[in-house]
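Student: Please read through the structure below; I'll follow up with questions.
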Amino acid sequence: MNSDDRWQPQLHFTAPGHWINDPNGLIVHDGVVHLFYQINPHGTDWGNISWGHASGDDYIRWRDHGVAIPDTPEEASFSGCIVNDRHNTSGLGDGGRGPLVALYTGARHDNYVDQHQNLAYSSDGGATWTKHPANPVLPSPRFDIRDPKVFWHEETCRWVMTLVHADRHEVGFYGSANLIEWHPLSVYGDDGCDEGEWECSDLVEFPVGEGGETKHVLFVSVAEGLPSGGSGVQYFVGDFDGTRFSTSEPGAGIRWVDRGPDFYAAQSWSDVPSDQRRVVMSAWMSNRDYAPVTPTVGWRGCHVLPRELLLGRDQEGFRLRQQPVRELDECRGKEVHLGDMSVEGSLTLDDHGIKGTCFELALVLKSAAGSLRISVLADDAFATHVLIDADAGTVSLDRRSAGESFDERFARWVSAPLPRSPDGRKIRLLVDRSTLEVFVDEGRVVFSSLVFPPEGADSVRLTAPGSPFQIRDLRFWPLISKATHNND
Ligand code: FRU
């Protein structure tokens, strides 16, 4: 199946066709960036769930390699991770070289409740996979338990796995010397949103400041309960002592990685070279409320642009900051620089060459009062709006008249506090056909959103509904699409 759909993003990962959901098995290995993903190889609805595989050099341009870990007549291959078993702790290596090891959830097609953890390994850098004869390596405890994410814990010299105990709203920690035999270590679930099943956890260590201090961030997707509706990804900041995770900020309230409606099942890349000092993360760009009915043709589902995460601290405590991967800068076409400007009433930027369906727009807000509306993918009737209300101290995304509206839960207006920063407020928008990502103030607030604009809606419009609004340094770049889906 190959699609030719005007909504298919140019820079965001999509499969050549078919249904996709979560990113899986994200790892950098021998300089190659690998991205595996949940796919239905036979259709555009969820089902026959298998792992697809793509690889690339820069987190943006991907070569697709088709199905890597198929489902079987008995069970689906649900989400999971890949680690490099470089010291061959599993004994599954070939010729002294450790294998890549995938841990993933097997879920029986007939009830999906019998969820157990499987292992597959690859001795050719991820091209081909062998399922371990002793599967499952962690049998089903008869409750929903899934989405293993594994890392090597140096201090205790063992592998550690996080697994969601989905309907108990817990993350279980498990330990292993060899990736094959696993034993429980502890459970975390005292805090957070418990309105829906917990899915896809990930424990990541972040440097904090320059003094060598680190903190662990536990990411957990939750199927219901995002303030703007449906599914989202929450995070907890704390410490992991090799056995147990405890939060540094008990009772801090729920923290969402992304305030937009379409960021789910997030996973970080393993083995990003340490000299890059960055955590890189991807996520399924959809919401459980309407993912099965998005109106695309021949394909369904994409991932967010991989993003770099930092952990900072301000007066309110620890906070993530996020930016699209720096490699995106290489996709920029010729810059249009409008510099400082005053917006009075409504202004369409077509005459300045600022229009399109795949672009980046960056600006700094100068006015400390009033409001500014940035409308993209606009025509006379439809547009997606980002509204900065400096008086109310909020930033909002309004896609109620963005275009195709196929489900009442899709038409949303979502809002978040505008961060107070001494250095003006930087707004960065990435538009890619049916996707919009908004990064506010160096990524202190992020909105990721799907939109399905009508054909030809490609204008950018600025509106100051009240008094004139001052902008500092407006820049625009078309983003140059690339040949994706270069099957090998
Ligand atoms: C999250 C999820 C995972 C599961 C996979 C199945 O979107 O439900 O918990 O492993 O998708 O496709």
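The values are calculated or read from the model by the stated rules, or taken from the named source; none is laboratory data. Bear in mind that the values here come from a model prediction, so they are computed numbers and not experimental data. Positions of Cβ are backbone-derived with ideal geometry, glycine not excepted, and every protein chain shown enters the neighbour counts. Note: accessible area is taken over every heavy atom of the protein model, side chains too, but ligands, DNA and RNA are not part of it. Shrake-Rupley method; radii C 1.70, N 1.55, O 1.52, S 1.80 Å.
Student: Restricting to the stretch 258-298, count the residues that are within 16 Å of the ligand (Cβ to nearest atom), under 12 Å from the mean Cα position of the chain (by Cα) and open to solvent by 10 Å² or more (accessible area, probe 1.4 Å). Before you say what the answer is, go through the steps one by one.
Tutor: Going through the stretch 258-298, the residues within 16 Å of the ligand (Cβ to nearest atom) turn out to be 258, 261-268, 281-294.
Going one step further and asking which of them are under 12 Å from the mean Cα position of the chain (by Cα), we end up with 258, 261-268, 281-287.
Okay, now just the ones that are also open to solvent by 10 Å² or more (accessible area, probe 1.4 Å), so 267, 284.
Going through the stretch 258-298 one residue at a time, the tally reaches 2.
Student: Could you check the stretch 94-198 for strands (runs of 3 or more DSSP E) lying wholly inside it with 1 or more residues that are buried (at least 16 other Cβ atoms within 10 Å of the Cβ) and within 13 Å of the ligand (Cβ to nearest atom)?
Tutor: 100-108, 115-122, 145-153, 158-165, 170-176
Student: I'd like the full set of residues that are part of a loop (DSSP other than H, G, I, E, B) and at positive phi, limited to the stretch 340-359.
Tutor: 353, 356
Student: Let me ask another. Can residue 48 be described as closer than 23 Å to residue 292 by Cα and touching a His at 6+ places or on another chain (Cβ under 6 Å)?
Tutor: yes
Student: Looking at the stretch 77-93, which of its residues are buried (at least 19 other Cβ atoms within 10 Å of the Cβ), outside any strand (DSSP E or B) and polar (S, T, N, Q)? Lay out the reasoning, then the answer.
Tutor: Filtering the stretch 77-93 down to residues buried (at least 19 other Cβ atoms within 10 Å of the Cβ) leaves 77-83, 85, 89-90, 92.
Checking the rest, the ones that are also outside any strand (DSSP E or B) come to 85, 89-90, 92.
Scanning the stretch 77-93 gives 89, 90.
Student: Let me ask something else. Residue 25 passes all but one of (1) part of a strand (DSSP E or B); (2) open to solvent by 10 Å² or more (accessible area, probe 1.4 Å); (3) in contact with a Gly (Cβ under 9 Å, 6 or more places away or on another chain); which number fails?
Tutor: (2)
Student: Going through the stretch 144-154 one residue at a time, which ones are under 21 Å from residue 268 (Cα atoms) and touching a residue at least 24 places away in the same chain (Cβ under 8 Å)?
Tutor: 145, 146, 147, 148, 149, 150, 151, 152, 153
Student: Return the residues of the stretch 45-66 that are within 14 Å of the ligand (Cβ to nearest atom) and farther than 12 Å from residue 22 by Cα; say none if nothing qualifies.
Tutor: Within the stretch 45-66, 45, 47, 48 qualify.
Student: Which of the residues spanning the stretch 299-309 are open to solvent by 20 Å² or more (accessible area, probe 1.4 Å) and over 12 Å from the mean Cα position of the chain (by Cα)?
Tutor: 300
Student: On to the next question. With the requirement that a residue be among the hydrophobic types (A, V, I, L, M, F, W, C) and open to solvent by 10 Å² or more (accessible area, probe 1.4 Å), what does the stretch 413-433 give you?
Tutor: So in the stretch 413-433, the residues among the hydrophobic types (A, V, I, L, M, F, W, C) come out as 413-414, 416, 418, 427, 429-431.
Answer for the stretch 413-433, where residues must be among the hydrophobic types (A, V, I, L, M, F, W, C) and open to solvent by 10 Å² or more (accessible area, probe 1.4 Å): 413, 418.
Listed here are the residues, each with its yes/no results for (1) outside the structural domain of residue 143 (by TED's automatic domain parsing); (2) within 12 Å of the ligand (Cβ to nearest atom); (3) surrounded by fewer than 19 Cβ atoms within 10 Å (Cβ to Cβ).
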{"site": "202", "(1), (2), (3)": "no, no, no"}
{"site": "208", "(1), (2), (3)": "no, no, yes"}
{"site": "211", "(1), (2), (3)": "no, no, yes"}
{"site": "220", "(1), (2), (3)": "no, yes, no"}
{"site": "231", "(1), (2), (3)": "no, yes, no"}
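Student: Of the residues that make up the stretch 434-457, is at least one more than 24 Å from the chain's Cα centre (by Cα), more than 22 Å from residue 322 (Cα to Cα) and crowded, with 17+ Cβ neighbours inside 10 Å?
Tutor: There is at least one residue in the stretch 434-457 that is more than 24 Å from the chain's Cα centre (by Cα), more than 22 Å from residue 322 (Cα to Cα) and crowded, with 17+ Cβ neighbours inside 10 Å.
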